[in-house]
Ligand code: G3I
């Protein structure tokens, strides 16, 4: 059995596709996608900078191919992501002089963007990450340009515009560090507020950018349970398991450029030590067992790429790292854990 066979009837098992894959330049990893997965999400090609690089100029060429691949192969297609501070092009927020636009202009631009994009893929993209990463680790809302110009209700407006554009699409809120208790509370507050205002929100995406020791799996489970008790589905999104030291942006540990090409930054560049491979294996199983335990509320588990060579983790937070965070190695061969995950699912 493959991964998708093993999880059939439990949850979708998906992967992100990058642009070279979508353009057909990586047939080896696409073969793995077709064999193993039944859901896809676009790693980059549906971000606003790709879809509307200039105001009024939409480019759906790559995203159309991505969606068509999903339809051709009967995969659940998720759109990622409509409103994200990090990848929105500058024109979104500024006038021709480079000044911030007014709240009304900003709302009109956001509405036009969401209606055009969601409308374009109506009926084909089954679910959207409507708002991405709007809550900070302390639980307050991120003071992004969307927040500064529109105010906190940019979130509600984004969901409403998406719902108007495709009333049948599922709508999600997606974020990282969700095991953090303060962030958990912040997300719960935000979702409850949307619900009390009658705004449609179907799911919460818990990004799974995890490491060998972080986050605490019990805290992750607490968040999963707390989110599910709001009556929304859970998507485990963007799953990858870094084996490298975790960059800590509060203390600066493992973040600095000084680590470039240093053994410390790139400790496994030649070969992954057995002990690390074992730790990876166990940690993967722990998380997949947790997902199996909560299969009644989990709708989808999505890896953030097929093979280690494709992972953004190789170059974050500085270039030159070599990481091993995915289920397939750089030759698209399944790691030993794949069989163990399949066995765990079949025997559950
Ligand atoms: O395509 C260009 C290429 O032409 C150029 O030569 C190269 C030089 O740096 O850049 C390439 O684009 C990069 C792209 O990834 C493809 O590799 C962008 O600079 C880079 O910013 C982009 O990073 C993506 C990042 O989001 C920002 O959009 C990562 O691939 C992607 O994995 C990452 O995904 C995010 C989720 O969307 C949201 N949650 C966090 C997650 C990780 O940051």
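List of remarks:
- In degrees, nearest ten, helix 181-196 long axis to first principal axis of the chain (Cα): 40 degrees
- Helical mean residue ellipticity (222 nm; -39500 (n - 2.57) per DSSP H run of 4+; nearest 500) of the chain: -11500 deg cm²/dmol
- Max mean-square fluctuation residue, GNM over the chain, Cα-Cα springs under 10 Å, options 307, 180, 35: 35
- Peptides ranked, highest mean first, by Cβ atoms within 10 Å: ranges 227-237, 183-193: 227-237, 183-193
- Against the chain, whose longest principal axis is taken from its Cα atoms, helix 27-36 shows a tilt of about 90°.
- For the chain, a Gaussian network of Cα nodes joined below 10 Å ranks 253, 63, 226 by mean-square fluctuation, and the top entry is 253.
- Diffusion constant of the chain at 20 °C, which comes from Stokes-Einstein with the Kirkwood Cα-pair radius and 1.002 mPa s, µm²/s: 103 µm²/s
- In the elastic network of the chain, a GNM with C-alpha springs shorter than 10 Å, the most mobile of 70, 203, 98 is 98.
- Highest mean packing comes first when the peptides 155-162, 333-340, 316-323, 122-129 are listed by Cβ atoms within 10 Å, giving 155-162, 122-129, 316-323, 333-340.
- Global form of the range 66-184, assessed from the alpha-carbon gyration tensor, a/c cut-off 1.5: oblate
- The range 97-167: C-alpha gyration tensor shape, a/c 1.5 cut-off, then a/b vs b/c: oblate
- Once the C-beta distance of residue 87 and residue 108 is scaled by a Förster radius of 22 Å, the resulting FRET efficiency is 0.60 to the nearest 0.05.
- Rounded to the nearest 10 degrees, the inclination of helix 336-346 to the longest alpha-carbon principal axis of the chain is 70 degrees.
- When both the range 61-110 and the range 230-248 are represented by their alpha-carbon centers, they are found 23 Å apart.
- DSSP finds beta bridges in the range 3-346, and of those with both partners inside it, around 10 percent are antiparallel.
- Taking the convex hull of Cα positions in the range 1-65, its mean projected area over all directions (nm²): 5.0 nm²
- Centroid-to-centroid, using Cα positions, the range 158-219 and the range 269-314 are 21 Å apart.
Only the coordinates and a few stated rules stand behind these numbers; no lab work does. Model, not experiment: these values are computed from the prediction. Cβ sites come from the backbone with ideal geometry, for glycine too, and all protein chains shown count toward neighbours.
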